[in-house]
1. Hey, got the dipole for the range 676-744? About the Cα centre, +1 on K and R Cβ, -1 on D and E Cβ, debye to the nearest 20?
2. Over the heavy atoms of residue 309, what accessible area does a 1.4 Å probe trace out, to the nearest 10 Å²?
3. Over the range 495-625, with a single point scatterer placed on each C-alpha, what log10 of the ratio I(q)/I(0) does the Debye formula yield at q = 0.13, 0.22 1/Å?
4. How big is D for the range 688-737, in µm² s⁻¹ as a whole number, if Stokes-Einstein is applied with the Kirkwood radius of its Cα pairs at 20 °C and 1.002 mPa s?
5. Could you check what % of the DSSP bridge pairs in the chain are antiparallel, to the nearest 5?
6. How much net charge surrounds residue 265 when only the other residues with a Cβ under 15 Å from the Cβ of residue 265 are counted, with Lys and Arg +1 and Asp and Glu -1?
7. Taking K and R as +1 and D and E as -1, what net charge do the other residues with C-beta under 14 Å from the C-beta of residue 735 add up to?
8. With all protein chains present, calculate the accessible area of residue 336 using a 1.4 Å probe and round the result to the nearest 10 Å².
Amino acid sequence: MNRTFVVIFLCLGSLSHAQSVSDSATPVRNIKAPDGFKVELLYSVPKPVQGSWVAMCDDNKGRIIVSDQFGGLYRFTPPAPGKRLNTEDIEPVPAKIRAANGLLWAAGALYVGVNDYERKFPSGLYRLSDSTGDDKLDKVEKLREMFAKGDHGVHAVLPGPENTLYLITGNNTTPLNTDTSRVPLHWGEDHLLPRMPDGRGHNRDRLAPGGIIYKVSLDGKRWEIVSSGYRNIYDGGVNRDGELFTYDADMEYDFNTSWYRPARVCHVTSGSMWGWRNGTGKRPEFYPDTLPPLINIGPGSPTGATFGYGAKFPAKYQDAFFILDWSWGKIHAVHMKAHGASYEATKETFITGSPLPVTDAIIHRVDGAMYFTIGGRKVQSGLYRVTYEGTESTKPVQHTTKINSSTKLRRQLEQFHGNEHQDAVNAAWPHLGHADRFVRWAALTAIMHQPLDQWHKRALGERDPNKRVVALLGLGKVAGADPLNAKPGSPAIRPDTAPPTAQAIFKSLSEIRWNQLDEQGKRTLVRTYQVALVRFGKPNSQAAGRIVDQLDPHFPAPNFELNWLLCETLAFLQAPGTAAKGIQLLQEAATQEEQIEYARSLRMLKEGWTPTLRSAYFNWFLKAANYRGGASFSKFIAFIRRDAEASLDAQSRKQLKGLLARKPQQKSPYQVMAQAMIGRNFVKEWKLEELSSTARTKLTNRDFDKGRKMFAAGGCFACHRFANEGGMTGPDLTGAGGRYSAHDLLEQIIHPSKEINEQFVPVIITMKKGEIIAGVVVNMNGDRVTVNTDMFDPNQRVSVNRTEVKSIEPSKVSPMPPGLLNLMREDEVMDLLAYILSGGNPKHPAFK
């Protein structure tokens, strides 16, 4: 789980009782499950004796084995229905081992992933067995020691194919030298502009490759890298098709920046790389040198994960991928279906509670129930059981594996990963321009594993421009060395012979005509230029001029993704028109994420400025001082300004002296929201039925851009996540169109306190001495609880001792203010409504 800033909402709108903190583990009355499901609290773990449980599995006899995060292992038989466990039912495992984060029973032994950041026991992969035949796990074999720091270390152990297992590791685990790697060993930072490290110092020293998933033989002798580029993956699961999935963590310090990436489920394909880099360096999912997630979950702290196979649940839950979120106290059910060479997915909240720091879950192989634990970081731990008592059938789902043509093609290409094969280049080359990103990735990865002399000339001369840009992206990574990772013995350097020159790669890229590329091809062209500029260095002025001539006419582009890449690249090349175009985009951008990205790219630009443009740029910093985000947000804004000031010449610095000395006027979030509506007049106090009636006939031919502007003007981005932008203190509205009708959505806006989303109700904490604190819990450690008292400012906190709390109960008043629509005209309300219901898709039928 994340040790860093986490958000733990301690109350739910569904709570009917205040919670007494004298209860040991969270009572079931404070836990919500879907209709028909029953949740039982089986055991409250005595913390001084058995610690706080974080990992769990069942053995070949149906017994459950659990681990204390800072202690040993325990074993017990699940109680009969309606019964609970007693302390004497919990049997200590005699094996001398501690700090297990991952447990797997396989081949008659217990495999253990140890992550002991207290350094009392070596972290790594272990195997436990019974050496005397007395049914006691007493023998400990260290299969491989590993070095890890903090919570981002060695985690889950999962069953793999053909007598292997998967080992999940976070980004603070030192990468191992392995026998083979399906990921090409040419990873690098690949930042065109200097990366800004985290403002609070988190992981400043951690470079690529980030978190890694290994495939290991059961005897621990053969290791292979399967996938890399994660932040802090903790667990995963293998589906019935043999495909691996994992749940990766966000970096909550980055919240409301352009480089923030939500917690997300990833389809772990062979050779995949997921783009984690520290600070501002995280690759967005539209970059061609990373892959898109199966589904973005939002802010969270991923822990356990399991498929529902074997559960005596209704059919859709038997096939669900259950993922646990420690910080928000939720178990999500992710429902997948095959889509191209990967899958597509939706999620629903399956279990949620207050507080419910869930750590692991299993489907028991005997009784078909779900068992889950809460605990971690020395907080109160408990064991729960979930069963289904409803009317739907729980008959086992009969699964027939059906592999579609795209998946079959991907798997064929993956056979060339990690090895050299004479047929690989010819087999993979036709698919470099494939429309499916997972097929395209598999093809390029297969080629990158082959000797350069087999394919570099073919890449330089490829006639299909969409294939050429992909081939040259791979060529730049294989033939060039990222200077940040170019160390003796580093896997970033591969000793191939006769590499192509940088001049040849730049020349080949310059021959490509923009209008011959599809949208993905355009992004790949610009990103390939970036990688080549990093790995080979800036070319001479004539060659750099050709790049500017090729790209500048297409900036600004019609979408933010291309503008991100173009603005950064042209700023690096000091293209003279970039300042005017970039400032215009900065001023017109609806969200602070977009604004921050343009400001970040422009900070190193020295050419093309006028006094007016400079003034507009530095006035933006005064405005941005009132933006809100994660714990490092203000530091990042300060870093951008620092670099921008360092780029000024003496004359500009003198001209801007007064502006540079000006201090920002601090405003409350409500003033910031009001400022967005300056110049707008009160229209009327809109009534629900009035707007609902209008929506029945006027939700067609709407204006997407105006709807987005209304979403920003109404302050919606301040609290709500929408299409990977916005705040975290309200529900994610991206999927609102699948949950609400137009009438229901209007009711939520006009009457926000009528029905408050259970995940976002503030809590009222009453202390034993009478003090009352309102807010949300943002951290837990032992008995210390930190409460955020201002939903707009993550740094407004108070700390309380849990033992001094009398009760915790939900607030009955929504933090969302009423009257947000009263400054909008009817047509603007309809544009806003269409925008929300579209999920941010400009091609939605509601738009012109």
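The values are calculated or read from the model by the stated rules, or taken from the named source; none is laboratory data. If you're wondering where the values come from, they're calculated on a predicted model, not measured in any experiment. All Cβ positions, glycine included, derive from the backbone under ideal geometry; neighbour counts span all protein chains shown. Surface areas here come from the heavy atoms of the whole protein model, side chains and all, with no ligands, DNA or RNA. Shrake-Rupley method; radii C 1.70, N 1.55, O 1.52, S 1.80 Å.
1. On the way: 11 positive and 8 negative charges, 36 e Å.
Once rounded to the nearest 20, the dipole reads 180 debye.
2. Residue 309 has an accessible surface of roughly 70 Å² with all protein chains in place.
3. Debye output, listed in q order: -0.56, -1.32.
4. 176
5. Here the antiparallel bridges make up roughly 95 percent for the chain.
6. Combined, the nearby Lys, Arg, Asp and Glu give -4.
7. Residues close to residue 735 contribute a combined charge of -1.
8. Looks like 50 Å² after rounding.
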